[in-house]
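A short worksheet on the structure shown next.
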Amino acid sequence: MGSRPAPSRTAVVRTELHPQGYVELDRVLRRAVWAEPGRPPPAPGGLVDVTDARERDSDVLYAFPPTAARHAKGTPR
């Protein structure tokens, strides 16, 4: 995938991102693909940062490891 596009939002992993699964964002389940193939995705219940797909007609989000500073207090922003 390369560099992380901005802006990103925090989501909760609800199913394995292997390589696609579901994340919860604003109380809605959304399909997401793990965008860091060299790193294992977090397990269900873990936090990820998500961005919209670059393709306009895609409803799939890209999931990245959470940014440590954003999640230092354990609350999504």
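The values are calculated or read from the model by the stated rules, or taken from the named source; none is laboratory data. Please read these numbers as outputs of a predicted model, since none were measured by experiment. Here the Cβ is made from the backbone with ideal geometry for all residues, glycine too, and neighbour counts use every protein chain on show.
Brief remarks on what is shown
- Pairs with Cβ under 6 Å, 6+ apart, first in segment 5-26 and under 11 Å from Leu47 (Cβ atoms), second aromatic (Phe, Trp, Tyr) and exposed (fewer than 13 other Cβ atoms within 10 Å of the Cβ): none
- Residues of segment 27-47 that turn out to be over 11 Å from Phe64 (Cα atoms) and at pLDDT 95 or above, as a count: 9
- Scan of segment 8-44 for residues that are on the phi > 0 side of the Ramachandran plot and crowded, with 19+ Cβ neighbours inside 10 Å, ordered by number: none
- Some residue of segment 46-65 being assigned to a strand (DSSP E or B), in contact (Cβ under 8 Å) with a residue 40 or more places away in the chain and aromatic (Phe, Trp, Tyr): yes
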